[in-house]
Amino acid sequence: MTIQLNGLHVEIPENIRNVDDLLKHYQLENRIVIIELNNEIADKSKYTELPIADGDKVEMIHFVGGG
Amino acid sequence: MSTTRYSRQELFPPIGKAGQEKLKNARVLIIGAGALGTSSAEMLVRAGVGRITMVDRDYVEWSNLQRQQLYTEKDVQDKLPKAIAAEKRLREVNSEVVIEGIVADVNGMNIEELVKNQHVILDATDNFETRLVVNDAAVKHEIPFIFGACVASYGMTFPMIPGKTPCLHCLINHLPSQNQTCDTVGVISPIVQLVTAYQVTSALKVLTGNEIVPRLQSFDIWKSEKAEIDVWPLKNKDCPTCGSSSTFPFLAYENQTKAAVLCGRNTVQLRPGFERTITLDQLAIRLKELTSEFIQNPYLLSCTYEEFRLVFFKDGRALIHGTSEIAQAKAIYHRLIG
Ligand SMILES: [Zn+2]
């Protein structure tokens, strides 16, 4: 399926069903991440319940410490 | 000289002559004089900000020269502290600006003295703990704190305005167990410049009284990717830093990283003040490539990095052998763990 991730159209595997799967796909599950799904911030405690569907608009920002 | 020096900036309508006058009377504190700090400082000094204070605990090394724009080979040879080398160079750039370089390790015990009378604080540190310390002081003293960070080709920024935006503590509700740092995954200069371009723009807006858009932004300059989130919904009314009954936990003595010099052993022990569980297996993946004489067992991980022998324990504690200087030990710890 295709989603709009950080402004770019990206093809992601069909087995990604929810926000939690998406985080794991990008290996960000152990990081501090803020996710906006279709213009609403996703609740951290509900990642597995928030479905990802074709055409969704996702903004995903992970924190880094360098500088 | 002074009449034409800032003419191009005064011609820019949102700043104008009135804004330039405000900049002249402004005081900015920059926490860190590494890549982000040197870049921001040079822009602000050229822009004619009245007074700039830079604080840093480290000295200049060869691996800094690729991106830390104020330093020269001579600074490395002289092993100059970054705050001193930066101060010297910035005075050459603009003698009208009062520049103060302070060689110090920023922590919850000294930050309140540092932020006193400042109008804006720019983030240029290399670890989360210091950022949360600065965030506490910024909220407590109601000073805008412009967060910025980068590794590899990725960077992020967020202008934290006390009372108007969530604070950094609202966004990061715990210390990450470990992080990619510039010393583990590298960094390229263009992302440094992109992050500071946003940070300095935010600072100029705050200082000249222009409206600021409080959004968390991230960029990957290599992949040409950009994200932006309105984080207002993350404002936590019970936040220990900016909530209704705040306690400013990162300013408390018991929550500071405790460092102890182990007498006669040329070793410093570091113990994080906040609970921090280190995943030794994950740390091992990165450290294996960067270090030598690598040993891991279920309890600890030991390796040699530069001329130091390092031992990391699961509870976040670390022993840095080969130095009896606390600031140097902390610098190494944050470089590798973030
Ligand atoms: Zn807060």
(request) Can you find, among B:GLY19, B:ALA284, B:THR241, the residue farthest towards the positive end of the dipole of chain B? Put +1 on the C-beta of Lys and Arg, -1 on that of Asp and Glu. (result) B:GLY19
(message) Can you sort B:SER292, B:SER244 by solvent-accessible area, 1.4 Å probe, largest first?
(response) B:SER244, B:SER292
(request) Quick one: dipole size for the protein assembly as shown, taken about the Cα centre, charges +1 on Lys/Arg Cβ and -1 on Asp/Glu Cβ, in debye to the nearest 20. (result) 980
(message) Apply the Karplus curve 6.51 cos²θ - 1.76 cosθ + 1.60, θ = phi - 60°, to the phi angles in the range B:278-289 and return the couplings in whole Hz, x for Gly and Pro.
(response) 9, 8, 4, 4, 5, 4, 4, 4, 6, 5, 4, 7
(request) State the Cα centre-to-centre distance between the range B:74-125 and the range B:303-329 in whole Å. (result) 26
(message) Quick check: the distance between the Cα centres of the range B:5-38 and the range A:1-59, to the nearest angstrom?
(response) 39
(message) Run through the range A:7-67 and list the GluC sites (Glu not before Pro) located in a DSSP loop whose Cβ has at most 12 other Cβ atoms within 10 Å.
(response) A:GLU14
(request) Grab the beta carbon distance between B:PHE313 and B:SER245, set R0 = 30 Å, and tell me the FRET efficiency rounded to 0.05. (result) 0.30
(request) Starting from the Cα gyration tensor of chain B, take the square roots of the eigenvalues, sort them a ≥ b ≥ c, and report rounded, prolate or oblate (rounded when a/c is under 1.5, otherwise prolate if a/b is larger than b/c, else oblate). (result) prolate
(message) If I take every Cα pair under 8 Å that is 6 or more residues apart in chain B, average their sequence separation and divide by the length, what percent do I get for the relative contact order?
(response) 15
(request) Taking amide H positions as placed in the peptide plane 1.01 Å from N, state which residues far from B:GLY101 in sequence (5 or more) or on other chains have amide H under 5 Å from it. (result) B:MET54
(message) Starting from the 7 Å offset along Cα-to-Cβ, what nm value, one decimal, do you get for the label separation of B:THR279 and B:THR72?
(response) 4.6
(message) Given an 8 Å cut-off on Cα distances and at least 6 residues of separation, report the relative contact order of the range B:44-113 as a percent.
(response) 44
(request) Give B:LYS24/B:LYS88; A:LYS24/B:LYS223; B:LYS74/B:LYS258 a once-over and call out the pairs whose C-alpha atoms are over 24 Å from each other. (result) B:LYS74/B:LYS258
(request) Provide the per-residue ³J(HN,Hα) series for the range B:233-241, in order, calculated from phi with Karplus coefficients 6.51, -1.76, 1.60 and θ = phi - 60°, each as a whole number of Hz, with x at glycine and proline positions. (result) x, 7, 4, 9, 5, 9, 4, x, 9
(request) Using the Karplus curve 6.51 cos²θ - 1.76 cosθ + 1.60 with θ = phi - 60°, work out ³J(HN,Hα) for each residue of the range B:107-118 in order, rounded to whole Hz, and write x for Gly and Pro. (result) 8, x, 8, 10, 5, 5, 5, 5, 7, 3, 6, 8
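Dipole magnitude of chain B about its Cα centre, charges +1 at Lys/Arg Cβ and -1 at Asp/Glu Cβ only, in debye to the nearest 20?
480
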(message) Helix-only mean residue ellipticity at 222 nm, chain B, DSSP H runs n ≥ 4 weighted -39,500 (n - 2.57), per residue, nearest 500. What is it?
(response) -9500 deg cm²/dmol
(request) Enumerate by residue number the trypsin sites (Lys or Arg not before Pro) in the range B:170-267 meeting two conditions: DSSP loop (anything except H, G, I, E, B), and at most 10 other Cβ atoms within 10 Å of the site's Cβ. (result) B:LYS237
(message) At a threshold of 8 angstrom on Cα-Cα distance, excluding pairs fewer than six apart, so keeping six or more, what relative contact order does the range B:257-337 reach in percent?
(response) 33
(request) When a/c is below 1.5 the answer is rounded, else prolate if a/b is larger than b/c, else oblate, so apply that to the range A:2-62 with a ≥ b ≥ c taken from the square roots of the Cα gyration tensor eigenvalues. (result) rounded
(message) Per q in 0.26, 0.29, 0.30, 0.31 Å⁻¹, report the Debye log10 I(q)/I(0) for the range B:56-108, using one uniform scatterer on each alpha carbon and no solvent.
(response) -1.01, -1.13, -1.16, -1.20
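When you look at the Cβ of every residue in A:56-63, what mean number of other chain Cβ atoms sits within 10 Å?
Per-residue shielding by partner chains comes out at 6.
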(message) Please list, ordered by chain and number, the residues whose modelled amide H lies under 5 Å from the amide H of B:VAL231; skip anything fewer than 5 residues away on the same chain.
(response) B:LEU216
(request) Would you rank A:HIS62, B:HIS174, A:HIS9 by solvent-accessible area, highest first, keeping every protein chain in place and using a 1.4 Å probe? (result) A:HIS9, B:HIS174, A:HIS62
(message) Run the numbers for B:SER224 and B:GLU100: contour at 0.36 nm per residue of separation, minus the present Cα-Cα distance, in nm.
(response) 41.0 nm
(message) I'd like the antiparallel share, as a percent to the nearest 5, of DSSP beta bridges with both residues in the protein assembly as shown.
(response) 70
(request) Work out the charge dipole of the range B:257-337 with +1 on the Cβ of Lys and Arg and -1 on the Cβ of Asp and Glu about the Cα centre, then indicate which of B:HIS321, B:CYS263, B:CYS303 is farthest towards its positive end. (result) B:CYS263
(message) Just want the answer: with Cβ charges of +1 for Lys and Arg and -1 for Asp and Glu, which residue in B:GLY50, B:ALA227, B:PHE158 is farthest toward the dipole's positive end in chain B?
(response) B:GLY50
(request) Indicate the gyration tensor shape class of the protein assembly as shown (rounded, prolate or oblate), computed on the Cα atoms with a ≥ b ≥ c the square roots of the eigenvalues: a/c under 1.5 is rounded; otherwise a/b larger than b/c is prolate and the rest oblate. (result) oblate
(request) Over the alpha-carbon set of the range B:112-178, divide Rg by the Kirkwood Rh and report the Rg/Rh ratio to two decimals. (result) 0.95
(request) Could you please put B:SER189, B:SER63 in sequence from largest to smallest accessible area, using a 1.4 Å probe? (result) B:SER63, B:SER189
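The values are calculated or read from the model by the stated rules, or taken from the named source; none is laboratory data. Please read all numbers here as calculations on a predicted model, not as lab measurements. Note that we place each Cβ from the backbone using ideal geometry, even for glycine, and neighbour counts take in every protein chain shown. With ligands, DNA and RNA removed, areas are computed over all heavy atoms of the protein, side chains included. Shrake-Rupley method; radii C 1.70, N 1.55, O 1.52, S 1.80 Å.
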